[in-house]
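To start, the structure under review is shown below, and the notes come after it.
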Amino acid sequence: MMGYFKALMGLVVCVAFMSMVGLLAAFIGPNHGVEIKILIGMTVGAMILGPRFPRALKRLYLANYEVIRRLLDDNDER
């Protein structure tokens, strides 16, 4: 269970960083098109994170692998 929380916190840190970069990008320029500026900022944040974000997603998937496998096996039996 501790591996799950560690993986989840890694993902939360990555998403928080991307959100902060998106929020900073929203304040640049005029007020119209704020949503597009936020998406551009989040994309730039993902580019800055580089391989850390997919690694955090993979850690979260591996922490939940057993539960996901059981759920998929249950659906196949029906």
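The set of residues in segment 42-74 that are among the basic types (Lys, Arg) and open to solvent by less than 100 Å² (accessible area, probe 1.4 Å) contains only 69. Listed by position, the helices (runs of 4 or more DSSP H) enclosed by segment 1-65 that each have at least 3 residues that are touching a residue at least 40 places away in the same chain (Cβ under 8 Å) and touching a Leu at 6+ places or on another chain (Cβ under 6 Å) are 2-26.
The values are calculated or read from the model by the stated rules, or taken from the named source; none is laboratory data. It should be emphasised that the depicted structure is a prediction, and the values quoted were computed from it without experimental measurement. So basically every Cβ, Gly included, is an ideal-geometry build from the backbone, and we count neighbours across all protein chains shown. SASA here: full protein model, heavy atoms, side chains in, ligands and nucleic acids out. Shrake-Rupley method; radii C 1.70, N 1.55, O 1.52, S 1.80 Å.
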